[in-house]
Amino acid sequence: MLKNESNSRPARGRPALSEDEIADMRKRIAECALRLFQKDGYDAVSMRRLAKEAGCTVMTLYRYFDRKIDLLRALWEDVFTDLFDQLDLISAKIDEPTKRLNAVALGYVEFWLERREHYFLVFMSSGVSQPDVSVFVDKDGVVERFSLFYTSLADALGPKTNASQINLKSQLLLCTLNGIAHNLITISAYPWASPKSLVQAAVNAVLKS
């Protein structure tokens, strides 16, 4: 978790960092962590090594992040922000509900296919416990962004479908989309159908079930 500005100030006797300097340091640490996590895996990278690679002391590193998992969560948040900013743009361009749902679903799968290193970072980091993930998932901002699938599906199904059915179907669709992305990324040698065809079939099945 990113610490607030007051916790990121240097020791007494040194000039206080400006907001830009604090932001630059956070960015440098995050970029370094992303590179190391992708290269060697989250579990293999220590805070001491992170500090060395980022060109700061371990004490300085802890002024910005309490624990290594907080740094990973910050990276996850950046990935999902990028993902849903793109999906929101896709959604805003299409008026017809079913076409919009298909486009959002395909955009979700293509995002991971185009950023496979981010897929591994988010879904396949070793040394991450279920409670570590739960804390991140329970954050209101993350859950709220996923509601795009609920609203897109609700529009495509129409007003006669009740909320519990929409909720179940949106969860089913997300599970299916994640499965599509996972198989295309981790079993890429298999002759799968195109992402577009797989997503279209998934959306059709959810709408007709």
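The values are calculated or read from the model by the stated rules, or taken from the named source; none is laboratory data. Just so you know, these numbers come straight off a predicted model, no measurement behind them. We work out accessible area using only protein heavy atoms, side chains counted, and drop any ligands, DNA or RNA first. Shrake-Rupley method; radii C 1.70, N 1.55, O 1.52, S 1.80 Å.
Observations on the model:
- Span-like helix ranges in the chain, DSSP H, alpha carbon extent 15 angstrom or more, Kyte mean at least -0.5: 68-92, 97-114, 140-157, 163-186, 195-208
- Residue-averaged 222 nm ellipticity for the chain, from DSSP H runs of 4+ at -39500 (n - 2.57), nearest 500: -24000 deg cm²/dmol
- The chain: C-alpha pair distances exceeding 31 Å, %: 32
- Over segment 109-176, the hull volume per residue, using the convex hull of the C-alpha atoms, is 106 Å³.
- Probe 1.4 Å, protein heavy atoms only - accessible area per residue of the chain in square angstrom: 57
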